[in-house]
1. Would you check if LEU49 is in a loop (DSSP other than H, G, I, E, B), under 19 Å from the mean Cα position of the chain (by Cα), within 23 Å of ALA518 (Cα to Cα) and of a type in the set (A, V, I, L, M, F, W, C)?
2. Across region 217-272, which residue is nearest to the chain's Cα centre (by Cα) among those that are among the charged types (D, E, K, R) and either closer than 24 Å to GLY513 by Cβ or outside the structural domain of VAL508 (by TED's automatic domain parsing) (or both)?
3. Hey, ILE117 hits all of (1) assigned to a strand (DSSP E or B); (2) surrounded by fewer than 20 Cβ atoms within 10 Å (Cβ to Cβ) but one; which does it fall short on?
4. Run SER381 past the list (1) touching a helix residue (DSSP H, G or I) at 6+ places or on another chain (Cβ under 8 Å); (2) under 22 Å from SER416 (Cβ atoms); (3) of a type in the set (S, T, N, Q) and report the number of the one that doesn't hold.
5. Criterion first (touching a His at 6+ places or on another chain (Cβ under 8 Å), surrounded by 19 or more Cβ atoms within 10 Å (Cβ to Cβ) and assigned to a loop (DSSP other than H, G, I, E, B)) does ASP343 satisfy it?
6. Output the number of the condition that LEU359 fails; it satisfies all remaining conditions of (1) in a helix (DSSP H, G or I); (2) more than 26 Å from the chain's Cα centre (by Cα); (3) over 21 Å from SER486 (Cβ atoms).
7. Inspect region 470-483 for any residue being without any contact (Cβ under 8 Å) to a residue 24 or more places away in the chain and either β-branched (Val, Ile, Thr) or buried (at least 23 other Cβ atoms within 10 Å of the Cβ) (or both) and give the result as yes or no.
8. Only one of (1) at negative phi; (2) in the same structural domain as ARG81 (by TED's automatic domain parsing) fails for GLY506. Which number is that?
Amino acid sequence: MTEREFELSRRDLLGYAARGAALLGTGGLLAACSSSAASPSTTTTTPILKLGGTLRAGLSGGSGKDTLDPHNWVSLVDGARVYSLFNPLVDFDLDAHPVLSLAEELTPSKDAMRWTIRVQSDIEFHNGKTLSADDVLYSFQRIVNPKRPALGASSLVALDIANARKIDKLTIEIPCLTPFSPLKDILCAYHFFVVPVGFDLNKPVGTGPFKFKSFVAGRQSTFVKNKNYWETGLPYLGQLVINDVLGEVSRVNALGSGTLDVIDQLSAYSIPAVRAGGNNVIVTWGGGYTPFTMRVDQPPFDDVRVRQAFRLICDRQYMLDTVFSGNGRIGNDVFGLRDIMYDSALPQRVQDIDQAKSLLARAGHPKLTVELVTGEIGPGSMQAAQVFKQQAALAGVTVKLREVTRSELFGPNYLSWTFAQDRWKYYPYFSNVLQSTLPRSPLNECHTNNAAYVSLYKKAVATLDGHRRSEIAHEMQQMEYSGAASGYVIPYFNPDIDAYGSRVNGVVSSKTGLPLGAFSFKNMWLS
């Protein structure tokens with residue numbers, strides 16, 4: 001069966017949701033999918049904490065390319081495994097703010113040309129080895145290995161890892177090639193987990209709440225409780241089983257039958273069906289986003305007037321209402337929503353068809369035809385593309401949808417599409433900049449190359465003054481907002497809709513947008 005055949009059709013979901021609404025005796029799909037209906041169910045009694053038991057998770061996005069590599073994971077189901085087995089030096093809290101995890105100290109020199117990192121004492125790996133400075137050095141070296149650089153290597157280009165040195169058994173010092181102040185924001189961004197010296201991917205050992213038992217790519221992985229976990233009292237579960245379940249209907253059915261305990265990445269149409277089975281829904285809107293991407297170095301998007309016209313074409317609230325039943329938050333073409341440096345004072349862009357037509361006419365495109373490369377890259381992506389097509393027609397723009405598979409969209413042509421969609425997890429602002437909007441960014445899909453913007457970035461990362469760095473960030477975001485340094489249309493910050501069984505407790509939401517409280521299985525327990 002092809003990947004596309006696995007994907008859930010909107011018609012299937014509507015039918016399934018309608019049956020769920022009938023069982024519930026609700027007023028129908030629209031009522032069941034409203035924002036108020038999407039809040040988690042409440043109970044009148046507090047269950048008594050119970051230790052042990054096996055939690056069965058059914059997660060989306062897996063394939064035969066699944067991995068346990070904490071430095072090279074891509075899919076969300078990979079992330080679930082990685083967060084269960086490993087810890088980073090710096091992590092996100094539930095509000096998506098960077099906080100120290102394995103690191104006890106993260107201190108820059110006064111000129112931001114050197115960083116001192118000290119880890120907590122008496123933390124054990126799964127094999128009983130005590131965490132040390134050697135392991136931290138090894139982890140950095142594994143990430144930036146020139147023969148096989150990991151996904152986070154490009155974010156560490158300012159660090160002189162080759163000349164990093166051990167100060168004592170818990171402390172390392174890393175010099176910088178250029179001043180680099182936002183290291184804390186960088187290290188919380190998903191790919192900087194600590195592994196022991198000599199790490200073996202076939203027998204993965206970490207410091208996380210669960211220990212490796214078995215793994216079959218594309219199918220299932222099993223982990224058991226780490227009884228010596230460093231966060232006191234955690235985890236509560238005795239065992240965690242993560243199953244790859246691609247189809248949304250399959251996940252909802254398995255939760256309803258009791259075969260699974262938690263599931264992720266649902267559409268709003270599944271909410272009534274989940275509730276009909278007596279189970280719970282949790283809706284979070286984090287900082288993740290699904291942008292339309294315009295290559296600024298290729299016509300017609302090499303003209304800033306066209307880029308701005310496409311932003312004005314979009315009726316953001318209507319798109320959010322149509323795709324996610326109002327759950328989520330409308331976007332303003334700037335990323336980093338949860339960062340304290342996000343400029344919320346920028347005027348909210350709204351649909352203006354007349355102005356869009358005027359801009360297109362002045363750019364020499366009163367009648368324009370473009371191809372939009374789209375696919376099922378996440379809940380709502382295809383529906384958003386269809387809505388944009390309808391809205392563009394109002395401005396005289398013909399959008400031809402080219403539907404491709406997930407693997408094709410993110411394949412060899414990923415950075416070559418002239419007009420396409422993408423899906424980003426939440427990153428702190430400067431972390432996202434480093435990956436996406438600088439000329440040498442590894443994921444610069446819009447091919448932005450603005451000298452003034454780059455100059456501002458260099459000034460920002462050279463200062464340790466948080467207030468001044470925020471001022472510079474706002475200048476950069478103004479350039480993104482104006483279209484001078486960005487090819488993104490960010491219509492909304494997408495919600496994440498997960499579900500869990502009636503006997504599952506301790507499920508929380510994370511404003512990063514990662515499912516199930518950023519895969520916080522360590523806090524879950526079964527009543």
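The values are calculated or read from the model by the stated rules, or taken from the named source; none is laboratory data. Because the structure is predicted, anything quoted here is derived from the model rather than measured. Please note: Cβ atoms are built from the backbone with ideal geometry, for glycine as well, and neighbour counts cover all protein chains shown.
1. Taking the combined requirement at face value, the residue does not satisfy it.
2. Ranking the candidates gives ASP264 first.
3. Unmet condition: (2).
4. In the conditions (1) touching a helix residue (DSSP H, G or I) at 6+ places or on another chain (Cβ under 8 Å); (2) under 22 Å from SER416 (Cβ atoms); (3) of a type in the set (S, T, N, Q), SER381 misses (1) alone.
5. yes
6. (3)
7. Yes, that holds for at least one residue.
8. (1)
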